[in-house]
1. Give segment 65-100 a look and list any residue that's surrounded by 14 or more Cβ atoms within 10 Å (Cβ to Cβ) and either in a strand (DSSP E or B) or of a type in the set (F, W, Y) (or both), or say none.
2. Report yes if K137 is in contact (Cβ under 8 Å) with a residue 24 or more places away in the chain, basic (K, R), surrounded by 16 or more Cβ atoms within 10 Å (Cβ to Cβ) and within 28 Å of D97 (Cα to Cα), otherwise no.
3. Looking only at segment 75-107, which residues are touching a strand residue (DSSP E or B) at 6+ places or on another chain (Cβ under 8 Å) and without any contact (Cβ under 8 Å) to a residue 24 or more places away in the chain?
4. In segment 44-64, what residues are among the hydroxyl-bearing types (S, T, Y) and not in a helix (DSSP H, G or I)?
Amino acid sequence: MDCSLAIHVAGLLLWPHRTGLQPKASPQTREKKNVKLQAMLRIRRGTLEDVPLILSFIRELAEYEREPDAVRATEDDLIRDGFAVNPRFRVLIAEWDSNPAGMAFFFQNYSTWQGRHGLFLEDLFVRPPFRGKGIGKALMIHLARIAITENCYGMRWEVLDWNTQAIDVYHRLGGHFREHWRVMQIVGEDLKRLSDELV
């Protein structure tokens, strides 16, 4: 079961919900880590030339999420929907020492209650050799800055209920589960059957 998780962008930037899961590092230690992070990490927008890499990230994430055969997307699909006249999604690519390390795959949604659009994070993925370096956090910070710049009400995404490591990270960033809500979907034959119903 996927659990829906919502984050208020201001909360992410202000860090009001630190849970204490990790001890605070000294200012000197944090400064050294930040210098190394800035020297090694580059985050940029995905381009048409990145489509094979993006699809590889998607497949690697599906493998991690125990659904290796679930990916139906092709390079042509990504080109059509992400790099044509009216793109339906955007991608941030993270590189560590010039090596592709991860991505954030996202698009706009809209809140009727807020009367404003937001960002929906479809996939956040960091390759295993690059985990523990702050890359996921850096991608989230970049997304938060995009959300603030574009006047979004916030960011929303889903996380698998067994992925407790990711859930802990999201909590430390200020993320909260949406109480009383569960994600639903209709796909495949169920979708076709519904579309064939008489009104």
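1. Passing the criteria: F83, F89, R90, V91, L92, I93, A94, E95, W96, P100.
2. On the way: in contact (Cβ under 8 Å) with a residue 24 or more places away in the chain: yes; basic (K, R): yes; surrounded by 16 or more Cβ atoms within 10 Å (Cβ to Cβ): no; within 28 Å of D97 (Cα to Cα): yes.
In short, no.
3. Taking segment 75-107 and keeping what is touching a strand residue (DSSP E or B) at 6+ places or on another chain (Cβ under 8 Å), we get 82, 88-96, 98, 100-107.
Matches in segment 75-107: R88, F107.
4. Restricting attention to segment 44-64, the residues satisfying the condition of being among the hydroxyl-bearing types (S, T, Y) are 47, 56, 64.
Passing the criteria: only T47.
None of the figures in this text is laboratory data; all of them are computed from the coordinates on show. This structure is a prediction, so every number in the text was calculated from the model and none was measured. In this analysis, Cβ positions are derived from the backbone assuming ideal geometry, glycine residues included, and neighbour counts consider all displayed protein chains.
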